[in-house]
1. Among M321, I300, A140, flag the residue with its Cα farthest along the positive direction of the charge dipole of the chain, charges on Cβ as +1 for Lys/Arg and -1 for Asp/Glu.
2. What is the dipole size for the chain, taken about its Cα centre, with +1 at each Lys and Arg Cβ and -1 at each Asp and Glu Cβ, in debye to the nearest 20?
3. What does the charge count around G189 come to, taking other residues whose C-beta lies under 15 Å from its C-beta (Lys +1, Arg +1, Asp -1, Glu -1)?
4. For helix 12-26, report the angle its Cα long axis makes with the longest principal axis of the Cα atoms of the chain; keep it between 0 and 90° and round to the nearest 10°.
5. Mean separation of Cα pairs under 8 Å and 6+ residues apart, divided by the residue count of segment 179-290: what relative contact order is that in percent?
6. Quick check: the angle from helix 257-278's long axis to the longest principal axis of the chain, C-alpha only, nearest 10 degrees?
7. Between H27 and S314, what is the FRET efficiency for a Förster distance of 35 Å, r being their Cβ-Cβ separation, to the nearest 0.05?
8. Bin width 10 Å, origin at 0, all Cα-Cα pairs of segment 128-223: what percent of pairs per bin?
Amino acid sequence: MMKKLVKNTMSTDEKWIKETFRYLHQHPEISWEEVETTAYIKRELTQLGCRVTTFDDCTGVVGEYGDFDQQVPVIAIRADIDALWQEVDGVFQANHSCGHDAHMAMVLGLVRKLTQNQALKSKVAIKFIFQPAEEQGAGALKMVEKGVVDDVDYLFGIHLRPQEEMPMGAASPVIIHGATTMYKAEILGEDAHAARPHLNVNAIEVASEMIHMLSNLHVNPRIPHSVKMTNITAGGKSTNIIPGRATFAIDIRAQNNEVMDTLEHKVMDIFQATSALHGVEVNIINKEKVPAAKTSEPAIKLMKKSIRDVLGPSNLAPPLMTPGGDDFHFYTVKRPQLKATMIGLGCDLQPGLHHPSMTFNEDALIHGVNILFEAIRNAYKL
């Protein structure tokens with residue numbers, strides 16, 4: 001008996017977007033090292049007819065499409081391009097487990113769709129910002145420093161959402177991210193023989209005491225927040241040495257910037273109190289911080305209409321509040337005139353963001369492209 005052939009109904013656009021995603025997924029690069037990613041995006045943007053800008057001192061690329069001499073709003077679409085560094089199947093490597101590969105593919109798919117509608121070119125002025133180093137909370141600030149949003153009126157972003165937050169086929173017009181601060185610090189003391197604990201201060205015990213103090217911080221319980229130690233390294237191969245030194249990391253989350261400021265002050269008090277009590281130095285090696293979202297009603301209203309137009313009214317999800325952070329919000333902090341919002345895209349993502357084996361339904365990629373395309377049409381009333 002002959003097998004019945006099943007016709008492949010995937011459109012050329014959808015096939016192109018998925019192939020682009022898979023290429024990017026297979027070639028991850030960590031923050032500030034996205035050299036090949038930048039080169040790849042530059043080639044694609046150039047082939048699609050964009051004017052392209054790259055930078056001498058950092059990765060990232062900006063494409064421009066349309067007529068920037070006319071009196072129309074300038075719209076920017078931002079995609080983050082860096083991967084995480086994490087353990088995957090027992091090996092530490094760059095890994096796209098936060099969806100940045102999907103974000104790049106959707107924005108490139110948007111560029112392709114725009115260039116297929118040549119009649120739009122004379123009516124729009126659009127920038128495509130492929131931004132480095134989101135995972136370090138620093139790439140957006142670099143793009144602001146480069147002036148890439150100085151002439152921008154609307155700024156749109158998009159981010160895949162976990163299954164527990166958003167079902168496949170739905171989308172939210174705004175992600176209300178919380179603020180995030182991450183410290184990397186060190187405890188500086190001297191080692192001692194394990195048989196003579198009175199001769200030094202055990203850095204592991206100092207860190208343990210910090211963990212206890214961090215767990216007892218109290219701020220307004222109606223505002224979501226958390227403070228936790230996420231990394232500690234102390235000691236070496238010899239188990240008969242009491243380590244006097246340790247490095248550790250602390251992750252702080254708060255739903256608004258005011259609570260974040262309070263938590264930061266309390267954490268600094270813990271550092272100082274611990275240092276004074278034990279007679280050791282506690283030094284901050286590095287600090288990374290991203291602010292909580294500042295929302296824009298005009299941008300949200302426009303995105304609501306765009307989601308309804310593409311997915312239907314029943315799949316327009318409410319504003320999505322999340323304790324996660326994103327340096328996207330530095331754009332509006334540094335340039336308050338921007339009307340900005342980030343789409344939360346349902347895509348059946350599981351087990352969760354930053355899980356080394358994160359997966360999602362790739363059919364959602366075309367949803368993201370179409371929503372962004374409609375947002376442009378609606379912004380220009382086309």
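1. Going by the charge dipole, the pick is I300.
2. 1420
3. -4
4. The angle comes out at about 20 degrees.
5. Rounded, it is 45 percent for segment 179-290.
6. Orientation of helix 257-278: about 20 degrees from the principal axis.
7. That gives a FRET efficiency of 0.40.
8. Binned Cα distances yield the sequence 10, 23, 23, 21, 14, 7, 1.
Read the figures in this text as sums done on the coordinates, not as results from a lab. Note that the coordinates shown come from a computational prediction; the quantities given were computed from them, not determined experimentally. Every residue, glycine as well, gets a Cβ built from its backbone with ideal geometry; the counts of neighbours run over all protein chains shown.
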